[in-house]
1. With Cβ to Cβ distances under 12 Å as the rule, what net charge do the other residues near Glu129 carry (K, R +1; D, E -1)?
2. Among Gln213, Gly15, Ser116, whose Cα lies farthest out toward the positive end of the dipole of the chain, if unit charges sit on the beta carbon of Lys, Arg (+1) and Asp, Glu (-1)?
3. What does the net charge come to around Leu87 if you take all other residues with beta carbon closer than 12 Å to its beta carbon, with K and R at +1 and D and E at -1?
4. Counting only DSSP beta bridges with both residues in the chain, tell me the antiparallel percent, nearest 5.
5. I need the phi-derived Karplus couplings for region 177-184: 6.51 cos²θ - 1.76 cosθ + 1.60, θ = phi - 60°, integer Hz, Gly and Pro marked x.
6. Using a 10 angstrom Cβ neighbour count of at most 12 plus a DSSP loop assignment to flag exposed chymotrypsin sites (Phe, Trp or Tyr not before Pro), which longest range of the chain is free of such sites?
7. Using only DSSP helix segments of four residues or longer, with each worth -39500 (n - 2.57), what per-residue ellipticity at 222 nm results for the chain after dividing by its residue count and rounding to 500?
Amino acid sequence: MNPTITAFEQSPDRGRGLARDMRVRWALEEVGQPYEVRLVSFDAMKDTDHRELHPFGQIPTYEEGDLALFESGAIVFHIAEQHIGLLPNDAHARARAIAWMFAALNTVEPPIVEFSMAWLLEREKPWYEARRPMLEARVHARLSELAERLGSADWLDGEFSAGDLLMVTVLRRLGASGLLSGYPALGAYVARAEARPAYQRAFAAQLAVFAAQSA
Ligand code: GTB
């Protein structure tokens, strides 16, 4: 039986693939695992039934037989462990790819989320302009360090891995901010990932949901 994931019934990203179901869809596409999607409204996310799956009342979730998972990183890790293609076989290379998964979610994503949430929720507030340089500086620090490490390589550590998949979904959140534009190597890295057929299929699938809901 195919796994079932949850996604926004009406994503606030308007089909830009920025919600966290995108990384799960992409991982499933990379390994060739077909999947079902259950769309949930903001209200339904807070229902007891959904909270059985996700204690924080969010998407994405993942159900496969009697396994239910939440947290996009844990879901991508599970998919990567169950299939060939997202984690190297060599034990050390595999451990390093997992380190990049954690780095994406624990080190790079937090300042990016803080920056984008401030723009989303506080940009009309009197303190926003004073706070913005500090938020931007924290993002720039991570971007320059990441660009330095990536250098001229295609991927963070050898072959494309779940570490790259998560890192790219994190960097994509900067989209309209222009903050990535000072880092051509990171821009090219994101574009390289977005050109992958599995990414394209995942993106098209989530966009189709948005298009159908807005029709
Ligand atoms: N740490 C969890 C994970 O990685 O799975 C975080 C899950 C999470 O934040 N889920 C969000 C959610 O369900 C959707 S992805 N929010 C509803 C709620 O909390 O009530 C976050 C997101 C939302 C919108 C955009 N956007 O519009 O661009 C981008 C990302």
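1. Summing Lys and Arg as +1 and Asp and Glu as -1 gives +1.
2. Ser116
3. Charge balance in the 12 Å sphere: -4.
4. The antiparallel proportion sits near 55 percent.
5. Each residue of region 177-184 in turn: 5, x, 5, 6, 5, x, 10, x Hz.
6. 128-215
7. Estimated from H runs of four or more residues: -17500 deg cm²/dmol.
Every read-out reported here was derived from the displayed coordinates using simple, explicitly stated rules and does not represent laboratory data. Nothing here was measured: the structure is a model prediction, and the numbers come from that model. Positions of Cβ are backbone-derived with ideal geometry, glycine not excepted, and every protein chain shown enters the neighbour counts.
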